[in-house]
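Since the structure comes first, as structure tokens, the remarks are kept for the end.
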Amino acid sequence: MRFFPTAVSGAFVVEVDARYDERGLFARTFDAKSFEDHGLVPVYPQCNVSQNHRRGTLRGMHYQADPRPEVKLVRATRGRVFDVALDLRRDSPTYLQWASVELDAARHNAFYIPGGCAHGFMTLEDDCELFYQMSEVYVPELAHGVRWDDPAFSIAWPFRPSVINERDVALESYSQETSL
């Protein structure tokens, strides 16, 4: 496993060491000790799956607030997505900055997103699926979000979304109270 820092402090692209032979591929996609050795959260008590039917589906920007902020380890298990971490931690050196990675099921890469960051993604093709490992269980009253198109962040999405749900459309723009 290889860990590559991103433009957001504490966020990493995780790449696997794939081994190929006549049978196909083998790769370890998660190793708690490797995560611990890099100072990253190694325990994920909740896992989620997100299926998305159409190219241009956008979900985000979501986060879970204190006292239970979520670390997320996200990977595409089918298709390709443009995945984004947005730093909302006031004490972070990358406060209000964002980082993105193309998650690709064929590459088996992942995005480690620290607690205190909002997360969102856009599908780059039809029939995408994401698998999330979460450091905290979901607490509905702590679930929040900010607008995906807020000019305070200027996230460079690859194109306009074609599918976005009412909840995400109704998210408010950023304010100081949003910061964690």
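Bear in mind these aren't lab numbers, they're just calculated from the coordinates by the rules spelled out. Given the structure is predicted, the values throughout are model-derived calculations rather than measurements. So basically every Cβ, Gly included, is an ideal-geometry build from the backbone, and we count neighbours across all protein chains shown.
Are there chymotrypsin sites (Phe, Trp or Tyr not before Pro) in region 122-180 that DSSP puts in a loop and that have at most 15 other Cβ atoms within 10 Å, and which ones?
In loop regions of region 122-180 (DSSP not H, G, I, E or B), the sparsely surrounded chymotrypsin sites (Phe, Trp or Tyr not before Pro) are Y138, F159.
Run through region 32-140 and list the trypsin sites (Lys or Arg not before Pro) located in a DSSP loop whose Cβ has at most 16 other Cβ atoms within 10 Å.
Counting only loop positions with at most 16 other Cβ atoms within 10 Å, the trypsin sites (Lys or Arg not before Pro) in region 32-140 are R54, R90, R107.
If you plug each phi of region 73-88 into the Karplus form 6.51 cos²θ - 1.76 cosθ + 1.60 with θ = phi - 60°, what whole-Hz ³J(HN,Hα) values come out, in order, with x for Gly and Pro?
Values, residue by residue: 10, 10, 9, 7, 9, 8, x, 9, 9, 8, 10, 10, 10, 10, 7, 10 Hz.
Shape of region 99-180 from its Cα gyration tensor (a ≥ b ≥ c, root eigenvalues): rounded if a/c is under 1.5, otherwise prolate when a/b > b/c, or oblate?
It comes out oblate by the Cα gyration axes.
Go through region 39-47 residue by residue and turn each phi into a ³J(HN,Hα) via Karplus (6.51, -1.76, 1.60, θ = phi - 60°); whole Hz please, and just put x for glycine and proline.
Each residue of region 39-47 in turn: x, 9, 5, x, 10, 10, x, 9, 10 Hz.
Of V163, P114, L124, which is farthest along the charge dipole of region 109-180 in the positive direction, counting Lys and Arg as +1 and Asp and Glu as -1 at C-beta?
Of the listed residues, the answer is P114.
Using amide H atoms built in the peptide plane, which far-off residues or other-chain residues are under 5 Å from M61 H to H?
V146, W148
Below 8 Å, C-alpha to C-alpha, sequence gap of six or more: please give me the relative contact order for the chain in percent.
Once divided by the residue count of the chain, the mean separation gives 29 percent.
Would you pull out the residues with amide H under 5 Å of A11's amide H, same chain only if 5 or more places away, H placed 1.01 Å from N?
Here the answer is T6, since their amide H atoms fall under 5 Å of that of A11.
Please report the net charge: other residues with Cβ closer than 11 Å to the Cβ of D17, K and R +1, D and E -1.
+1
Among V71, V84, A152, flag the residue with its Cα farthest along the positive direction of the charge dipole of the chain, charges on Cβ as +1 for Lys/Arg and -1 for Asp/Glu.
After comparing all options, I get V84.
Output wanted: per-residue J couplings in Hz (rounded whole) for region 103-116, from phi through Karplus 6.51 cos²θ - 1.76 cosθ + 1.60, θ = phi - 60°, x for Gly and Pro.
Using θ = phi - 60°, the values come out as 8, 9, 4, 5, 9, 6, 7, 9, 10, 8, 10, x, x, x Hz.
Taking square-rooted eigenvalues a ≥ b ≥ c of the alpha carbon gyration tensor, is the chain rounded, prolate or oblate, where a/c under 1.5 means rounded and, failing that, a/b exceeding b/c means prolate?
oblate
Between D91, D149, D66, find the one with the highest GNM mean-square fluctuation for the chain; connect C-alpha pairs within less than 10 Å.
Answer for the Gaussian network model of the chain: D91.
Counting only GluC sites (Glu not before Pro) that sit in a DSSP loop (anything but H, G, I, E, B) with at most 12 other Cβ atoms within 10 Å, what is the longest stretch of the chain containing none of them?
That gives 23-171 as the longest site-free run.
Under the rule of at least 5 residues apart or a separate chain, name every residue whose amide H is placed under 5 Å from the amide H of G116.
Long-range HN contacts for G116: Q64, E70.
When a/c reaches 1.5 or more, the comparison of a/b and b/c decides; with that in mind, is region 27-94 rounded, prolate or oblate per its Cα gyration tensor?
Oblate, since a/c reaches 1.5 and b/c is not below a/b.
Given R₀ = 22 Å, FRET efficiency for A152-D127 by Cβ-Cβ distance, to 0.05?
The calculated FRET efficiency here is 0.10.
With only Lys, Arg, Asp and Glu charged, each at its Cβ (+1 for the first two, -1 for the last two), find how big the charge dipole of the chain is about the Cα centre; round to the nearest 20 debye.
My answer is approximately 240 debye.
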